[in-house]
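K.L.:
Structure provided below as structure tokens; questions to follow.
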Amino acid sequence: MKNKNIIKVCVAIAIGLMTSVGALAAPLNGDINFSGAGTFNNTGYADATQITFGLVETVSGATGDYSGVSGGTSVTFQTFSFGAENTVGANAIEDLWSFTSDSETYTFDLIRITANSVAGSVRVIEGWGTAQSSKSGIDDHSAFFTLSSSGSGTNITFSSATEVPDSGTTTALLGL
């Protein structure tokens, strides 16, 4: 009888701890895709070390906390300096991209480039950073960034995606 009471107390404490965590803000999650045009600072893809962006807008494929963002939403990209081919490492760019949708502002701060390659006439850059939202109750979260360009000369088109993985909450709830 005494052991059953101890088990009941332990279960009550565990449930209390789990529900108190629910009161914390949820981390931002989801994917968002962009496309647009830009200009490399050098003629050759392998020689380019920077992109200056022109018109950029969101495209289909927004999920999670980004799912309410309409296709065609204007996005501001900062000039993106990324170094020569195969240059990786720390590369802090605050607000690499930002946009506002339904009076909520979303941004991405690049922290680190993990891949920087050229294959034919395609430049691919990947990295990690922090995705943020001004939406109440949403916390910043680590995110994966990728950019792929194509075109000729210095004028390019590009597509880009930012993926913010689930923080593990879903897995934890399924485990329970």
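K.L.:
Hey, with R₀ at 25 Å, roughly what FRET efficiency would residue 155 and residue 86 work out to, going by the Cβ-Cβ distance, to 0.05?
P.N.:
In this case the efficiency is close to 0.55.
K.L.:
So with the 1.4 Å probe, I'd like the accessible area per residue for the stretch 35-150, rounded to whole Å².
P.N.:
45 Å²
K.L.:
Just the number: Rg to Rh for the stretch 61-111, Cα atoms, Kirkwood Rh, two decimals.
P.N.:
1.06
K.L.:
Taking every alpha carbon pair in the stretch 61-176, what does the distance histogram look like in 10 angstrom bins from 0, in percent?
P.N.:
Taking all Cα pairs of the stretch 61-176, the binned fractions are 12, 40, 32, 13, 2, 0 percent.
The values are calculated or read from the model by the stated rules, or taken from the named source; none is laboratory data. These numbers were taken from a predicted model, which means no experiment stands behind them. FYI the Cβ positions are ideal-geometry reconstructions off the backbone, even for glycines, and counts take in every protein chain you see. Quick note on the areas: whole protein, heavy atoms, side chains included, nothing else; ligands and nucleic acids left out. Shrake-Rupley method; radii C 1.70, N 1.55, O 1.52, S 1.80 Å.
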